[in-house]
2 protein chains.
Amino acid sequence: MARRRATVVGAGHTRFGVLPDGPRALMRQAVDAAFRSVDRGVDRSRVEEAFLGTLGFSGWQLGNASAALAEEARIGHAPVTRVENACASAGFALRSGVRAIESGARDVVLVVGLEKMTDSPSAHRRYWLGVSGDTEWERLAGLTFAGVYALMASAHMAAHGTPPEALAAVAVKNHANGTKNPNAQFQKVITREQVLAAPRVADPLGLLDCCPVSDGAVALILAGDDMARTLTDTPVAVVGAGAGADALALQERDSLTQLAATRVAAAEAFRHAPFDRTGVQFLEVHDCFTIAELLALEDLGFADPGGAAAMTLEGATALGGRLPVNPDGGLKAKGHPIGASGASQAYEAFVQLRGAAGARQVVGAERALTHNVGGSGASATVTLFERM
Amino acid sequence: MARRRATVVGAGHTRFGVLPDGPRALMRQAVDAAFRSVDRGVDRSRVEEAFLGTLGFSGWQLGNASAALAEEARIGHAPVTRVENACASAGFALRSGVRAIESGARDVVLVVGLEKMTDSPSAHRRYWLGVSGDTEWERLAGLTFAGVYALMASAHMAAHGTPPEALAAVAVKNHANGTKNPNAQFQKVITREQVLAAPRVADPLGLLDCCPVSDGAVALILAGDDMARTLTDTPVAVVGAGAGADALALQERDSLTQLAATRVAAAEAFRHAPFDRTGVQFLEVHDCFTIAELLALEDLGFADPGGAAAMTLEGATALGGRLPVNPDGGLKAKGHPIGASGASQAYEAFVQLRGAAGARQVVGAERALTHNVGGSGASATVTLFERM
């Protein structure tokens, strides 16, 4: 039978960065913007359920985040579920929203991703981010997320001869893209020389290889494909959704140079999709560190193992290249408010596939892939979008 | 069309109480027991996805709970989603698992509820539980969850003349039931006089009106109804699932004596169910405080407003009464490991409807309702079960 699909019919995005507003205000701004964006409007009373992806909801200063969203979104007694999967929280929340519609249980669903990070003291933030990594073998030994990705980068360099210039090229490209995204935290061009000369955080990763600490929220309004056109002429369908998991500690995984969670998620997303990898016109991948974008290209099946470096260096992943990656600036330049990033990727798919991405528009884009990772690869989601 | 339903085909339950084991070990024990309980066995490789309900995963000492479950459950690269909705975390996790099957996306799903509470210092625990309540109007003013429920109890007494003896009768009944549940934290009969004479926590609620602080984990194995009988001769179907939300702060709600979230959840659960309230043979309700059981009976539609007290005092809700409530001892006597409670209720439905509840068996039970509440009524789930 023709399976019912979920579509995105509206989306709202706060600016990402060091913002004055608290977590409730950020959610409210994103949700209000999402409702305003629905071309023919949709009354809030039609939202039957909501899902919220957030890691720490203001660094554990506040709890019961789902209750806060229920209040701020003004959706009456519609249930709200909080989903937390570290940096992939919103990817998993989106998946829950999609399933609510695919199951036939719901017609209109709200999905929100949120993080308020910059109001926590850095020592506290290091702790509440740190516990998303392995505790026994990594955190208590002093290994941070930058350190974990640095180990993967070193292994990748050893296995494939990946040059530092390829990592730098990711940062340079994503910063260039960020200058075209008014929501991006960094809207400043950087050079390869600056990246290579930046202070080391965890060798071979320097300061400009790392995504920043960010505040932000993103809201998506989903509707069944059978009713989407009553709300907008240009809905964007979710045509594939996959997820995968792996061990949290790097040493427990089969490979240091591949994320199995991404590979499993991608295989699932494409299994019943109406197109294969050759049909995808741009990617939004989880580039929390520059090496992560190279790993993503390979694990998602758009480059052979070790092949992402050359692909990046030759400009294939730039805006205007044959497969633009992170046209919105990615986590690297747009910012990475943990629980919001997966929803922000979907936002980008939505605006791009509607041809509304302005200066960063991927010309003629009709099909996109988004990729969200939690806990250095302990979990991942891959979602496929197509303009209806 | 005949909608695909989820069924419970296996379930495992640790003892609840002050336990020596940590959160990972508790999950592992519950999951292992659940796999052992599947009559004809099910290989772990057949689990396609898992959902984990947990509030704080060891009081925030550890994060990325979904990754920990992926490791402890030994389910390979199957994705795991953590769901957090305060004390209703497992109710919402179960709902996610049910939907994964109803949507046709999955055949076999694992749902786990977990909380490890007793290894946190009490000041820390007070904080990480407290933030699930309203911060601005309640917590910062010193109002605890006991205080919030005490306000509801006082209002209920004022509105309906509910006598303190009715609250005490809930505690006495649930402790009596707990003596018949080998997993219960308290397996000791108490008297009405003891409840009434116990030290006051938040008047009119005394120490014996309050559920305890508990460790514990529960695992459920779900399968599609079209394949359930290949795994067991006695699957238990989920035939209704509803959820609702309300404001977090009591003062923002329409009523002090009703939980709108429960009422909305119940209405949804029964909307497409194959039976109405008269078909339900026992209830598992969220009795975090004795008043909560009376509210639940009324909000779920099994008693008129103000009618639950008489129903309880006349013994209708006791084992052997016309509508047994909390035959497993409820949160009050069985214990309340926050994120596990919703799954524990489903466990009870499973064993009761299979006729395997031993000394606490509700004779001839074929249909049951479970009810899980988060944040003093900010969210609620209602789930209906029927023996297939």
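The values are calculated or read from the model by the stated rules, or taken from the named source; none is laboratory data. Predicted, not measured: the structure shown is a model, and the values here were computed from it. Because the Cβ atoms are built from the backbone with ideal geometry, glycine has one as well, and the counts that use them run over all protein chains shown.
For the stretch B:112-132, taking the residues that are part of a loop (DSSP other than H, G, I, E, B) and within 21 Å of the chain's Cα centre (by Cα), the one that is farthest from A:GLU71 (Cα to Cα) is identified as B:THR118.
Looking at the stretch B:62-72, can you tell me whether even one residue there is in contact (Cβ under 8 Å) with a residue 60 or more places away in the chain, in the same structural domain as B:ALA34 (by TED's automatic domain parsing) and not in a helix (DSSP H, G or I)? Scanning the stretch B:62-72, I find no residue that is in contact (Cβ under 8 Å) with a residue 60 or more places away in the chain, in the same structural domain as B:ALA34 (by TED's automatic domain parsing) and not in a helix (DSSP H, G or I), so the answer is no. Counted as qualifying within the stretch B:199-249 are the strands (runs of 3 or more DSSP E) with 1 or more residues that are in contact (Cβ under 8 Å) with a residue 60 or more places away in the chain and not small (Gly, Ala, Ser), namely B:216-224, B:236-245. Of the numbered conditions (1) in a loop (DSSP other than H, G, I, E, B); (2) touching a residue at least 40 places away in the same chain (Cβ under 8 Å); (3) among the β-branched types (Val, Ile, Thr), B:THR135 fails exactly one; give the number of that condition. Going through (1) in a loop (DSSP other than H, G, I, E, B); (2) touching a residue at least 40 places away in the same chain (Cβ under 8 Å); (3) among the β-branched types (Val, Ile, Thr) one by one, B:THR135 breaks only (2). For the stretch A:243-261, the tally of residues that are surrounded by 24 or more Cβ atoms within 10 Å (Cβ to Cβ), within 10 Å of another protein chain (Cβ to nearest Cβ) and under 16 Å from A:ALA296 (Cα atoms) stands at 5. Among the candidates B:GLY342, B:GLY364, single out the residue that is under 22 Å from B:THR234 (Cα atoms) and within 14 Å of chain A (Cβ to nearest Cβ). Testing whether each residue is under 22 Å from B:THR234 (Cα atoms) and within 14 Å of chain A (Cβ to nearest Cβ) leaves just B:GLY342. Scanning the stretch B:73-84 for residues that are more than 7 Å from chain A (Cβ to nearest Cβ) and buried (at least 22 other Cβ atoms within 10 Å of the Cβ) returns B:ALA73, B:ILE75. Applying the criterion of being free of Cβ contacts under 8 Å to residues at least 40 places away in the same chain and over 30 Å from B:GLY142 (Cβ atoms) to the residues of the stretch B:262-271, the residue that is surrounded by the fewest Cβ atoms within 10 Å (Cβ to Cβ) is B:ARG271. Residue-level check: of (1) buried (at least 23 other Cβ atoms within 10 Å of the Cβ); (2) not in a helix (DSSP H, G or I), B:LEU143 misses just (1). Only a single criterion out of (1) closer than 27 Å to A:GLY244 by Cα; (2) surrounded by fewer than 24 Cβ atoms within 10 Å (Cβ to Cβ) is not satisfied by A:ARG360, namely (1). It is to be established whether one or more residues within the stretch A:282-304 are touching a Gly at 6+ places or on another chain (Cβ under 8 Å) and surrounded by fewer than 23 Cβ atoms within 10 Å (Cβ to Cβ). Checked against the condition, which is being touching a Gly at 6+ places or on another chain (Cβ under 8 Å) and surrounded by fewer than 23 Cβ atoms within 10 Å (Cβ to Cβ), the stretch A:282-304 yields no hits at all.
Residue-by-condition table, conditions (1) in contact with a strand residue (DSSP E or B) (Cβ under 6 Å, 6 or more places away or on another chain); (2) farther than 26 Å from B:ALA146 by Cα:
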position: B:CYS288; (1), (2): no, no
position: B:GLU293; (1), (2): no, no
position: B:GLY306; (1), (2): no, no
position: B:LEU313; (1), (2): no, no
position: B:ALA318; (1), (2): no, no
position: B:VAL325; (1), (2): yes, no
position: B:GLY342; (1), (2): yes, no
position: B:ALA346; (1), (2): yes, no
position: B:ARG354; (1), (2): no, yes
